[in-house]
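In what follows, a single structure is set out as structure tokens and then discussed.
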Amino acid sequence: MTMNSEGLPLKQAIEAGVDAAFGEVQALYRHLHQYPELPFQEHETAARLAAALEALGFEVTRGVGGTGVVALLRNGEGPTVLLRGDMDALPIEEQTGLDYASRVTAMGVDGKPVPVMHACGHDLHSSCAVGAGAVLAGLQARWRGTLMVVCQPAEEIFGGARAMLDDGLYTRFARPDVVLGQHNMPALAGTVGHIAGSAMAAATTLGVTVHGAGGHGSMPAQTVDPVVIAAHVVTRLQSIVAREVPPEETVVVTVGKLHAGTQGNIIPHSAELEINVRSFDDALHRQVLAAIERIIRAECEAGRSPRPPEFRVLSETVAMHNDPVSTARVREAHRQCFGEARLFAMPRLNGSEDFPYFGKAEAGGFGGDDIPCVYWFIGMTPAERWQATPGESVAEKMRHLEMPHSPYYFPGHAETLRTGMAALAAGALAYLAT
Ligand code: ZN
């Protein structure tokens, strides 16, 4: 495939590389789709991806941060570019009707079997990362530096990025100059969306136990009622957004779980809450979490709770910030590759990702300066469906389309696979091309 690409303009060389690799990448994608694995259980997935990258000539290390795969292609002096694809699937029963739909079940977190499905397209992301690796391996005469393909476990539980960093991703292998990643979304297949600056939310789910002293429902004076304390907590927490967050900021505080007791005439010993917080600024996020803790401690004291409440972080990720200069550079590479008509302005999403850990030195637990990150979006909706969907803008049309995590969600059309491969390759070449 290095064959005739030498004399071609880069855009055509990338297209030729995508054409050459497409058949194998599509087969890899379909296999991964049919055999999805839950977070940190991606053993077969990782083995397939590692083997594919090894066959392309990458130096491959398995088992980084659990099931993560790190693949390096060293091609002389130059910058290091990290391309990240995630690998994990979700406990959802697939309803797409595809002939390679998943029928897999696996052991869920509570020890019971659950159906498993790639309902967020992480199979697409990791296949595209291998596909970009194939394109770039074939174009080595056109670039210098180090390409680092990272297949990350456990994005859905926000654990995999940090696990790989904690396992020495930047010390054992290479410290990248830029980190690139992508996610599929309901937008026209073949298009690519960019957003500079604040792009996705920080998210924390807290588990809280509020203690009381249980007893007979007819004798409340001899008890401490944790239900009443928990009820005050729920209403008082809403005052954080209303009274402590500046009105120009966006913060969500949701108590999604509140559980106490067994029947009406028994005052229980404790109450359990789960609280989800979203925001777009890490400092503000910490301030809101501190306010939640302060209010819950104070309500427990006000309610005569016999011991302090307990707090557990059930899942957490930091806010995504796309470095504006790097985003402009990648967008320009995509414009040259795809043309302006295939690019769109991505709206900010209230969803979350653990991708930003790769760029934030403090949150990621690696020293030194932050590393610029660019995370873009690739459309997955076929043209006919897109045209039939009401609305003008991407944001309007999105409201009428299945979103990731639906049992009907299927992003793996050929157009999207091809675009995802080319977008990663072109993004890397924005730094590596000679
Ligand atoms: Zn996802």
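Looking only at region 1-10, decide whether some residue is open to solvent by less than 50 Å² (accessible area, probe 1.4 Å), under 13 Å from A134 (Cβ atoms) and not assigned by TED's automatic domain parsing to the domain that holds L136.
yes
Considering every residue within region 185-197, establish whether at least one is more than 30 Å from E402 (Cα to Cα) and open to solvent by less than 20 Å² (accessible area, probe 1.4 Å).
As a first pass, look at region 185-197 and keep what is more than 30 Å from E402 (Cα to Cα): none.
Checked region 185-197: no residue is more than 30 Å from E402 (Cα to Cα) and open to solvent by less than 20 Å² (accessible area, probe 1.4 Å).
Which one of these is surrounded by fewer than 24 Cβ atoms within 10 Å (Cβ to Cβ), of a type outside the set (K, R) and away from the ligand (no atom under 16 Å from the Cβ): A422, A388, A428? Break it down into steps so the answer makes sense when it comes.
On the way: A422 fails: surrounded by fewer than 24 Cβ atoms within 10 Å (Cβ to Cβ); A428 fails: surrounded by fewer than 24 Cβ atoms within 10 Å (Cβ to Cβ).
Just a single option satisfies the conditions, and that option is A388.
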For L289, only one of the following conditions fails: (1) out of contact with any helix residue (DSSP H, G or I) (no Cβ under 8 Å at 6 or more places or on another chain); (2) under 17 Å from F377 (Cβ atoms); (3) crowded, with 17+ Cβ neighbours inside 10 Å. What is its number?
(2)
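With respect to L32, is the statement that it is open to solvent by less than 10 Å² (accessible area, probe 1.4 Å), modelled with pLDDT of 95 or more and away from the ligand (no atom under 16 Å from the Cβ) true?
Numbers: open to solvent by less than 10 Å² (accessible area, probe 1.4 Å): yes; modelled with pLDDT of 95 or more: yes; away from the ligand (no atom under 16 Å from the Cβ): no.
The answer is no for L32.
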Please go through region 377-417 and pick out each residue that is in contact (Cβ under 8 Å) with a residue 40 or more places away in the chain, part of a loop (DSSP other than H, G, I, E, B) and either touching a Gly at 6+ places or on another chain (Cβ under 8 Å) or at positive phi (or both).
P404, H405, Y409, P411, G412
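Residue by residue, here is whether (1) part of a loop (DSSP other than H, G, I, E, B); (2) modelled with pLDDT under 95; (3) under 27 Å from I157 (Cα atoms); (4) not assigned by TED's automatic domain parsing to the domain that holds G427 holds:
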| site | (1), (2), (3), (4) |
| --- | --- |
| H259 | no, no, yes, yes |
| G264 | yes, no, no, yes |
| V277 | no, no, yes, yes |
| R304 | yes, no, no, yes |
| T327 | no, no, yes, no |
| H334 | no, no, no, no |
| L349 | yes, yes, yes, no |
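Considering only region 20-45, state which residues are of a type in the set (F, W, Y) and in a loop (DSSP other than H, G, I, E, B).
Initially, region 20-45 is screened for residues of a type in the set (F, W, Y), giving 22, 29, 35, 40.
Matches in region 20-45: Y35, F40.
Determine which member of the set V208, V241 is modelled with pLDDT of 95 or more, crowded, with 18+ Cβ neighbours inside 10 Å, under 23 Å from N350 (Cα atoms) and assigned by TED's automatic domain parsing to the domain that holds E274.
Exactly one residue qualifies, and that residue is V241.
Can you confirm whether R175 is under 24 Å from R331 (Cβ atoms), away from the ligand (no atom under 12 Å from the Cβ) and either of a type in the set (K, R) or open to solvent by 20 Å² or more (accessible area, probe 1.4 Å) (or both)? Even if it seems obvious, please write down each step before you answer.
Values: under 24 Å from R331 (Cβ atoms): no; away from the ligand (no atom under 12 Å from the Cβ): yes; either of a type in the set (K, R) or open to solvent by 20 Å² or more (accessible area, probe 1.4 Å) (or both): yes.
For R175, the condition - under 24 Å from R331 (Cβ atoms), away from the ligand (no atom under 12 Å from the Cβ) and either of a type in the set (K, R) or open to solvent by 20 Å² or more (accessible area, probe 1.4 Å) (or both) - is not met.
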For residues that are of a type in the set (S, T, N, Q) and in a strand (DSSP E or B), scanning just region 181-237, find the one that is nearest to the ligand (Cβ to nearest atom).
N184
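Consider E93 carefully, then state whether it is open to solvent by 20 Å² or more (accessible area, probe 1.4 Å), under 29 Å from R278 (Cβ atoms) and within 17 Å of the chain's Cα centre (by Cα).
Working: open to solvent by 20 Å² or more (accessible area, probe 1.4 Å): yes; under 29 Å from R278 (Cβ atoms): yes; within 17 Å of the chain's Cα centre (by Cα): no.
It is false that E93 is open to solvent by 20 Å² or more (accessible area, probe 1.4 Å), under 29 Å from R278 (Cβ atoms) and within 17 Å of the chain's Cα centre (by Cα).
Given the criteria open to solvent by 10 Å² or more (accessible area, probe 1.4 Å), at pLDDT 95 or above and closer than 24 Å to Q12 by Cα, does M380 qualify? Quick ask: steps written out before the conclusion?
Values: open to solvent by 10 Å² or more (accessible area, probe 1.4 Å): yes; at pLDDT 95 or above: yes; closer than 24 Å to Q12 by Cα: yes.
When the stated conditions are applied, M380 passes them.
Suppose we filter region 247-267 for residues that are surrounded by fewer than 20 Cβ atoms within 10 Å (Cβ to Cβ), touching a helix residue (DSSP H, G or I) at 6+ places or on another chain (Cβ under 8 Å), over 22 Å from A363 (Cβ atoms) and in contact (Cβ under 8 Å) with a residue 24 or more places away in the chain; how many remain?
Going residue by residue through region 247-267, those that are surrounded by fewer than 20 Cβ atoms within 10 Å (Cβ to Cβ) are 247-250, 252, 254-259, 261-266.
Checking the rest, the ones that are also touching a helix residue (DSSP H, G or I) at 6+ places or on another chain (Cβ under 8 Å) come to 249, 252, 255, 258, 261.
Within this subset, residues satisfying the condition of being over 22 Å from A363 (Cβ atoms) are 255, 258, 261.
Filter once more, keeping what is in contact (Cβ under 8 Å) with a residue 24 or more places away in the chain: 258, 261.
So the answer is 2.
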Have a look at L139, L165 and point out the one that is among the hydrophobic types (A, V, I, L, M, F, W, C), away from the ligand (no atom under 15 Å from the Cβ), more than 30 Å from P268 (Cβ to Cβ) and surrounded by 24 or more Cβ atoms within 10 Å (Cβ to Cβ).
L139
Selected residue [within 17 Å of R312 (Cβ to Cβ) and assigned to a helix (DSSP H, G or I)] from A271, A290, A242
A290
Looking across region 84-124 at residues that are assigned to a strand (DSSP E or B) and more than 16 Å from the ligand (Cβ to nearest atom), the single one that is farthest from I371 (Cα to Cα) is P113
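Taking the stated definitions as given, is G339 under 27 Å from D19 (Cα atoms), open to solvent by 20 Å² or more (accessible area, probe 1.4 Å) and more than 16 Å from the ligand (Cβ to nearest atom)?
Working: under 27 Å from D19 (Cα atoms): yes; open to solvent by 20 Å² or more (accessible area, probe 1.4 Å): yes; more than 16 Å from the ligand (Cβ to nearest atom): yes.
Yes: the conditions hold for G339.
The values are calculated or read from the model by the stated rules, or taken from the named source; none is laboratory data. Please read these numbers as outputs of a predicted model, since none were measured by experiment. As a convention, Cβ positions derive from the backbone with ideal geometry for all residues, glycine included, and neighbour counts pool all protein chains shown. The accessibility values were calculated without ligands, DNA or RNA, using every heavy atom of the protein model including side chains. Shrake-Rupley method; radii C 1.70, N 1.55, O 1.52, S 1.80 Å.
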